[in-house]
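The values are calculated or read from the model by the stated rules, or taken from the named source; none is laboratory data. What you are looking at is a predicted structure, and each value in this text was computed from that prediction instead of being measured. Because the Cβ atoms are built from the backbone with ideal geometry, glycine has one as well, and the counts that use them run over all protein chains shown. Accessible surface areas use protein heavy atoms only, side chains included; no ligands, DNA or RNA. Shrake-Rupley method; radii C 1.70, N 1.55, O 1.52, S 1.80 Å.
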Amino acid sequence: MSDMDEMLTALLARRRSVRGFMPADVPADQMRRIFSNAQLAPSNCNVQPWIVHIVSGGKAAEMRQALEGAATDRSEVRPDFELTEGYAGIYRSRQIDAAKALFAATGVGREDPQARRASFIRNFRFFDAPHAAFIFLPPWAGWREAADVGMYAQTLMLALSAEGLASCAQGALSHHADVVKRVLGVDEELRLLFGIAFGFEDPDHPANQTRTDRAPIAENHCFHG
Ligand SMILES: Cc1cc2nc3c(=O)[nH]c(=O)nc-3n(C[C@H](O)[C@H](O)[C@H](O)COP(=O)(O)O)c2cc1C
């Protein structure tokens, strides 16, 4: 293995979903460097369809309050992209394994709907991270551009990890897309795919005491020829 391979493996392993943050802001120069690195992500025909709005400080507090209010008061979600109905088979068992590990770490009983709800609601406070990035697509964008956003998001999260910062991609941050657009004052035609909470990890937070694992490569890869 070359030094570069080792660095890549270490960086990929360092990135994980963190759900408890310290209050300190990421310094502005570090923020610029990270977002400049994220911008190196590849995209179909290099169209770079991601439109990224980052909230910090007072705007982050306003967003937290608005999203938590919507998630608590509304009986329905209003995403720009339909939510997946539910997982089945092997996908469901992987989902359950991840949820079980998180609930065990945070002391949430799987049969305790109130505690589960409270745990879910933490999403809308973006786990008290000092910053969140909301990632939109232009109105014309489809599946291929959504894939570009996936490339961008992983590039951003690795750029954060490289600087010792933590993140969590959050589909939940798109559940009330109308609220996000109102708070940001952005064009209603933009389509919100997901958000990413980021900042400095709180290493003592119970939610951060767990790690997910991965299926053996044979479960979802076939090498032909
Ligand atoms: C697009 C996307 C959306 C996600 N949405 C959420 C979310 O709403 N809430 C949450 O707690 N985690 C969310 N996650 C984090 C996943 O649960 C996590 O990536 C997965 O369990 C693997 O764990 P790891 O990131 O620690 O490796 C999301 C991840 C991705 C890539």
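Indicate the helices, whole DSSP H runs only, in the chain that combine a mean Kyte-Doolittle hydropathy of -1.0 or more with a Cα extent along their long axis of 20 angstrom or more.
Values: long enough: 57-73 (24 Å, -0.56); 89-106 (26 Å, 0.08); 143-162 (29 Å, 0.47).
The answer, listed by residue number, is 57-73, 89-106, 143-162.
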Problem - Value in Å of the Kirkwood radius, where the stretch 123-225 supplies the Cα pairs that are averaged - result: 15.7 Å
Exercise for the section: Leaving out ligands and nucleic acids, note down the accessible area per residue over the chain with a 1.4 angstrom probe, in whole Å². Expected result: 58 Å²
Practice task
Could you size up the charge dipole of the chain around its Cα centre, putting +1 on the beta carbon of Lys and Arg and -1 on that of Asp and Glu, and report it in debye to the nearest 20?
Solution key: 300 debye
Practice task
Let me know the longest stretch in the chain that avoids all chymotrypsin sites (Phe, Trp or Tyr not before Pro) found in a DSSP loop with at most 16 other C-beta atoms within 10 Å.
Solution key: 141-222
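Find the percent of Cα-Cα distances in the stretch 33-74 that exceed 14 Å, and round it to a whole number.
The answer is 65 percent, as a whole percent.
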Completion exercise
Rounded to the nearest 0.05, FRET efficiency between residue 44 and residue 186 (Cβ-Cβ, R0 25 Å) equals 0.60
Fill in the blank from the handout: Candidate cut points under GluC sites (Glu not before Pro) in the stretch 15-118, DSSP loop plus at most 12 other Cβ atoms within 10 Å of their own Cβ, are 76, 82, 85, 111
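Considering just Cα atoms, how many Å³ per residue does the convex hull of the stretch 9-53 enclose?
Dividing the Cα hull volume of the stretch 9-53 by its residue count gives 138 Å³.
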Exercise for the section: Using a cut-off of under 17 Å, list every residue of the stretch 120-164 whose amide N is near the label point 7 Å from the Cα of residue 29 along the Cα-to-beta-carbon line. Expected result: 163-164
Completion exercise
Label model pair residue 121, residue 10: point-to-point distance (7 angstrom along the Cα→beta-carbon line) in nm is 4.2 nm
Practice task
Give the range of the longest stretch in the chain that excludes all trypsin sites (Lys or Arg not before Pro) found in loop regions by DSSP and having at most 13 other beta-carbon atoms within 10 Å.
Solution key: 111-210
Problem - Carbon and sulfur %, accessible surface of the stretch 1-143 computed with the full protein complex present, 1.4 Å - result: 55 percent
Exercise for the section: For the chain, evaluate the Debye formula with one uniform point scatterer on each Cα (no solvent term) and list log10 I(q)/I(0) at q = 0.13 Å⁻¹, rounded to two decimals. Expected result: -0.85
Handout entry: Proximal charge balance of residue 109 [Cβ under 14 Å; K/R count +1, D/E count -1]
Key = +2
